[in-house]
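Participant: What follows is a single structure, and I will ask about it in a moment.
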Amino acid sequence: MRKKIIAGNWKMNKTPSETKKMFEELKVAVGKQKWCDVVLCVPFVDIPAACRASRDAKIAVAAQNMHYEEKGAYTGEVSAEMLKEIGVEYVIIGHSERRQYYNETDFTVNKKVHAAVNAGLIPIICVG
């Protein structure tokens, strides 16, 4: 039987201090439930605060995007390995907003999925 996942995408909201406060509130609400995984997809600048706050909670942290290359001259991008090393478990790939505003295609989404899996991240693939 598959385990259910409830994931929330914060979009471009919350500062690191707001993230810490939100996690403290969510820890109480989520408790020690076992019927599903809870994943919060936070902006890149909030990932360190979210990972610290989630250490003793049943809440996983996801990045909202990543690049498919391991390294290189891709200003402003982050790699799967970078995300993995700072404690990220999941990553959103192919979100409709990325496709609409940044012209991501099925081809680039596929490359990102492979990079995520190869790094040990769990991709949350958006298809519609």
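Participant: Working carefully through the options Gly76, Gly128, Gly31, find the one that is over 18 Å from Ile6 (Cα atoms), free of Cβ contacts under 8 Å to residues at least 40 places away in the same chain and either touching a Lys or Arg at 6+ places or on another chain (Cβ under 7 Å) or of a type outside the set (S, T, N, Q) (or both).
Facilitator: Residue meeting the stated conditions: Gly76.
Participant: If you don't mind, there's one more thing I want to ask. Considering only residues of the range 36-61 that are part of a loop (DSSP other than H, G, I, E, B) and out of contact with any strand residue (DSSP E or B) (no Cβ under 7 Å at 6 or more places or on another chain), which is modelled with the highest pLDDT?
Facilitator: Pro43
Participant: OK, next. Go through the range 1-19 residue by residue and tally those that are loosely packed, with under 13 Cβ neighbours inside 10 Å and more than 23 Å from Lys34 (Cα to Cα).
Facilitator: Number of matching residues: 5.
Participant: Return only the number of the condition from (1) among the aliphatic types (A, V, I, L, M); (2) part of a helix (DSSP H, G or I); (3) at pLDDT 95 or above that Met12 does not satisfy.
Facilitator: Against the list (1) among the aliphatic types (A, V, I, L, M); (2) part of a helix (DSSP H, G or I); (3) at pLDDT 95 or above, Met12 comes up short only on (2).
Participant: Hey, could you check the range 47-88 for residues that are over 19 Å from Val28 (Cβ atoms) and in contact with a Leu (Cβ under 7 Å, 6 or more places away or on another chain) and say which is surrounded by the fewest Cβ atoms within 10 Å (Cβ to Cβ)?
Facilitator: In this case the residue turns out to be Lys84.
Participant: Can you name the residue in the range 89-107 that is of a type in the set (Ser, Thr, Tyr) and open to solvent by 30 Å² or more (accessible area, probe 1.4 Å) and is also nearest to the chain's Cα centre (by Cα) among such residues?
Facilitator: Checked the range 89-107; the qualifying residue nearest to the chain's Cα centre (by Cα) is Ser96.
Participant: Right, here's the next one. Pairs, please: C-beta under 7 Å, at least 6 apart or cross-chain, first residue farther than 17 Å from Val45 by Cα and in the range 1-13, second β-branched (Val, Ile, Thr) and surrounded by 12 or more Cβ atoms within 10 Å (Cβ to Cβ)?
Facilitator: Here the result reads Ile5/Val39; Ile6/Val38; Ala7/Val39; Ala7/Ile124, each pair linking the range 1-13 to a residue that is β-branched (Val, Ile, Thr) and surrounded by 12 or more Cβ atoms within 10 Å (Cβ to Cβ).
The values are calculated or read from the model by the stated rules, or taken from the named source; none is laboratory data. Just so it is clear, the structure is predicted and the values come from calculations on it, not from any experiment. Don't worry about glycine lacking a Cβ; one is built from the backbone with ideal geometry, like all the others, and counts go over all protein chains shown. Heads up: the accessible areas ignore ligands, DNA and RNA and are worked out on the full protein's heavy atoms, side chains in. Shrake-Rupley method; radii C 1.70, N 1.55, O 1.52, S 1.80 Å.
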